[in-house]
Amino acid sequence: MELRRFKWTTWVFLLTFSSLQFPALGWAQIERAELGKRLQRLELQWAQSTPAQQAAVAEPMQEAVSSFFSLRLLRAAEKLDEAWWTAQSVTPTDVQRFVTAHRATFDSLIVAASSPSIQVRLDSFYKTNAGFEDAEVEFSIAAAPTALPIQRPAKVAPLGQTTRCRWKEAIAGVALDVSALPEGDYEVRTTVRIGEQSLDLLPTGWSRIRDAESRVERLRQQRDEREVELTTWVRATTQDQTRVLKSMLDNEVQEVDYPAHHWLVMCEQMLAQPESSVNLIRETSQARDVWLTVADGRKKVALRLRAPVAVDPTAALPVLVLFHGAGGSENMFFETYGAGGAVAAGLQRGWLVVATRQGLTGMSLDAKQILAALEPIFPIDPNQVYFLGHSMGAGQVATQVGLHPTLPRAVAAIGGGGRPRQIEAAAQIPWFIAAGSLDFGKSGAKSLSQSLQRAGGKQIVYREYANIEHMVIVQASLDDAFEFLDKSKPPKP
């Protein structure tokens, strides 16, 4: 029975992960984007909830996770919304459920700077049994945020006038006046009013760019013309980002709301002045997230990173490397997992925070190679490297420590595990291992802890969290994980 269950869950995992990882299967990108936003909303609410509310969230979250891994993605979204209501101790009405199931969509993710308007409409993301005749809908536009979700203000001042219409008009589609907006990255915020009730839908990002198609094509040409003189990471980054920009021009929804205008300008600057690319990345990463692709020959890994404010270019930086779980990407630790809580905690400590992408078979470059590729941009302190991973990412932590047992100073493996190579050497570094009591990754986490202890580990901490399942476990354990990592820091001179 256990063997059959293992084979079934393994094949579900392989099918799910391969479906959600490869861009060729574009059908999954809309689902990934919506699931990510709904998970982020739930985690922001969970952080404000009482212990009783947090415990109650476990039941719908368990079904959300199981639905995700059995490819019932719309059901997963519905259960995430249920968990969000539960975290507020609210039993939603049928009308509230119906409205929450909707999202704002556009005819174009990238709008020409000459266009006076953007077309927006409301679509049902998943079906409910309810409905209603009419309501008032308010659309407003705000600048795309650059702060981590966990650090963003609750209210953002709208740009320009708020557009009001009836529900039936919003479903059919309305034009929002954007004629006064300069080039840049924006989001549409939607509020639905039904009598005295008011519901905010999830924001949706879009960009306003002058001559977008010709500029993206020029990027491709410039990259080809200057390929020999470009550093490996500039070449790989501009190649990947040009591809994503082209898909956005084709109105293909991405897994997150990428800042297309910001990306385009950054790529243009890197190709126009390759010699200044290092300073450009350093300065930008202190104010907002940076997406990079590092490469070695044909092998490459996509990263999302952020540096602490006021980085001394002559000082070596401690670095926190984050490894996401199955079905995720380098964006996951920045968007979800406590709504960017791990990233914020690393930045507060003055660490460079780097989230990696891994595929079905792992990473084509290992952690040591990734850090070596980043070294020309950010001088890295080799004595202060930390790993943190969730689920499949916890297994990746075990893999990387097994490959390079002297590389990290301390590590955290949450909601999963694995058996590192060179187990005796791996056991000599401090390990924080955590799982929820309702977490299907608990057995893997416990097994990892026990194998390290048997191998002679003296600084192995295993912690289990009551009434916590596989996703919220990251947020639930973050404070303890970082307190543990802090204890491993070298003493100040």
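From the list V57, V65, pick out the single residue that is assigned to a helix (DSSP H, G or I), touching a His at 6+ places or on another chain (Cβ under 8 Å), in contact (Cβ under 8 Å) with a residue 24 or more places away in the chain and not assigned by TED's automatic domain parsing to the domain that holds N331.
V65
Here is a check on your reading of the model: is V234 without any contact (Cβ under 8 Å) to a residue 12 or more places away in the chain, out of contact with any strand residue (DSSP E or B) (no Cβ under 7 Å at 6 or more places or on another chain) and within 24 Å of L305 (Cβ to Cβ)? First the steps, then the outcome.
Working: without any contact (Cβ under 8 Å) to a residue 12 or more places away in the chain: no; out of contact with any strand residue (DSSP E or B) (no Cβ under 7 Å at 6 or more places or on another chain): yes; within 24 Å of L305 (Cβ to Cβ): yes.
The answer is no for V234.
Among the residues of region 93-114 satisfying the criterion of being touching a residue at least 40 places away in the same chain (Cβ under 8 Å), in a helix (DSSP H, G or I) and among the hydrophobic types (A, V, I, L, M, F, W, C), which is nearest to H261 (Cα to Cα)?
Out of the qualifying residues, it is V99.
Considering only region 196-210, state which residues are within 22 Å of L109 (Cβ to Cβ) and either aliphatic (A, V, I, L, M) or touching a residue at least 24 places away in the same chain (Cβ under 8 Å) (or both).
L201, L202, P203, T204, G205, W206, S207, R208, I209, R210
Of the residues E31, E43, only one is surrounded by 21 or more Cβ atoms within 10 Å (Cβ to Cβ), at pLDDT below 95 and closer than 19 Å to L202 by Cα; which?
Of E31, E43, the one residue that is surrounded by 21 or more Cβ atoms within 10 Å (Cβ to Cβ), at pLDDT below 95 and closer than 19 Å to L202 by Cα is E31.
Are any of the residues in region 433-448 in a helix (DSSP H, G or I) and charged (D, E, K, R)?
Yes: region 433-448 contains one or more residues that are in a helix (DSSP H, G or I) and charged (D, E, K, R).
Considering region 206-222 alone, what residues qualify as being more than 12 Å from L264 (Cβ to Cβ) and either hydrophobic (A, V, I, L, M, F, W, C) or crowded, with 20+ Cβ neighbours inside 10 Å (or both)?
W206
Can you tell me which of A373, A394 is of a type in the set (G, A, S) and either at positive phi or surrounded by fewer than 24 Cβ atoms within 10 Å (Cβ to Cβ) (or both)?
A373
Report yes if R220 is within 30 Å of A310 (Cα to Cα), among the charged types (D, E, K, R) and over 19 Å from the mean Cα position of the chain (by Cα), otherwise no.
Numbers: within 30 Å of A310 (Cα to Cα): no; among the charged types (D, E, K, R): yes; over 19 Å from the mean Cα position of the chain (by Cα): yes.
When the stated conditions are applied, R220 does not pass them.
The values are calculated or read from the model by the stated rules, or taken from the named source; none is laboratory data. The shown structure was predicted, so the numbers you read here are calculated from the model rather than taken from an experiment. Note: ideal-geometry Cβ built from the backbone for every residue, glycine included; neighbour counts use all protein chains shown.
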